[in-house]
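Asks: Sending over a structure as structure tokens; questions will come in a sec.
The values are calculated or read from the model by the stated rules, or taken from the named source; none is laboratory data. Here the structure is a predicted model, which means the values were calculated and not measured. Every residue, glycine among them, receives a Cβ derived from its backbone with ideal geometry; neighbour counts consider all protein chains shown.
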Amino acid sequence: MSQAALFPNLEGRRVVLASQSPRRRELMTMMGLDVECMARDLDESWPAELEGPRVAEFVARKKADGYRDVLQGDDVLITGDTVVVLQGKVLEKPVDEAHAKVMLRRLSGQTHTVASAVAVTTLEHGTQSVLDTCDVSFNTLSPEFIDLYVGGGTCMDKAGAYGVQDLAGLVGVRSLSGSFYTVMGMPTHKLATLLAAM
């Protein structure tokens, strides 16, 4: 499927995805978007008074500011961010395996919220952003499973130290209320609305 099939308004326009996440790139391809991926080491901090799901939208827009200089003409920039929120506290990506295990022990048997935001930026219209949330309930995770999963290494680049599309999702997720793709890292249904409205 070509980019113009679902989004004829993007015909001939360069679409830049400010991410090296293979999951986000896969989702863009599934939507028929031909994206150019870029990655920069940006400051992704947020104000201390900002809490919960709103952090994801703040950081997605901050990333957009950090890439604005790459835009030319009719280019379209897509940025996103995902956070896991448990009992009001934001869980980011783990800093090491010990940290990942602590996160998974906290998530075990609990329901948490995954918040994913996406921002679309053009020189003409500036930045438009949306936020989506999904509640995720985990089974109780055994210490053996946590050790096995963390030892595989796939959790280290993920908010909350797990990916819903991998072993943690297959074994650990009991139920979710909301979009699977929001948990995966990109609220694709909301991105489609943003792109179509451009």
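Asks: Could you list, in sequence order, all residues of segment 146-183 that are free of Cβ contacts under 8 Å to residues at least 24 places away in the same chain, farther than 16 Å from P22 by Cα and assigned to a loop (DSSP other than H, G, I, E, B)?
Replies: Result: G152, single match.
Asks: Pairs needed: first member in segment 102-116, under 13 Å from G172 (Cα atoms) and among the polar types (S, T, N, Q); second member anywhere, surrounded by fewer than 15 Cβ atoms within 10 Å (Cβ to Cβ) and at pLDDT below 95; C-beta distance under 9 Å; at least 6 residues apart or different chains.
Replies: Q110/Q87
Asks: Also, quick follow-up: I'd like the full set of residues that are in contact with a helix residue (DSSP H, G or I) (Cβ under 7 Å, 6 or more places away or on another chain) and farther than 18 Å from G52 by Cα, limited to segment 120-143.
Replies: Matches in segment 120-143: V120, T121, T127, Q128, F138, N139, L141.
Asks: Out of all the residues in segment 112-131, which are under 19 Å from K93 (Cα atoms) and crowded, with 23+ Cβ neighbours inside 10 Å?
Replies: Scanning segment 112-131 gives V114, A115, S116, A117, V118.
Asks: Sort out which residues of segment 128-154 are within 18 Å of D96 (Cα to Cα) and in contact with an Asp or Glu (Cβ under 8 Å, 6 or more places away or on another chain), and write them in order of number.
Replies: Those that are within 18 Å of D96 (Cα to Cα) and in contact with an Asp or Glu (Cβ under 8 Å, 6 or more places away or on another chain): V150, G151, T154.
Asks: Considering segment 1-24 alone, what residues qualify as being surrounded by fewer than 18 Cβ atoms within 10 Å (Cβ to Cβ), farther than 26 Å from D135 by Cβ and not hydroxyl-bearing (S, T, Y)?
Replies: Residues of segment 1-24 surrounded by fewer than 18 Cβ atoms within 10 Å (Cβ to Cβ): 1-2, 4-6, 8-9, 11-14, 20, 22.
Imposing the further condition that a residue be farther than 26 Å from D135 by Cβ reduces the set to 1-2, 4-6, 8-9, 11-14, 20.
The answer is M1, A4, A5, L6, P8, N9, E11, G12, R13, R14, Q20.
Asks: On to the next question. Provide a single number: the residues in segment 22-55 that are in a helix (DSSP H, G or I) and either aliphatic (A, V, I, L, M) or over 18 Å from V76 (Cβ atoms) (or both).
Replies: 8
Asks: Taking only pairs six or more apart or across chains, which ones have beta-carbon atoms under 6 Å, a first residue in segment 49-78 that is surrounded by fewer than 16 Cβ atoms within 10 Å (Cβ to Cβ), and a second residue that is part of a helix (DSSP H, G or I)?
Replies: Once the first residue is surrounded by fewer than 16 Cβ atoms within 10 Å (Cβ to Cβ) and sits in segment 49-78, its partners that are part of a helix (DSSP H, G or I) give L50/F58.
Asks: If a residue must be among the aliphatic types (A, V, I, L, M) and in a strand (DSSP E or B), how many such residues does segment 56-81 contain?
Replies: Qualifying residue count for the region: 3.
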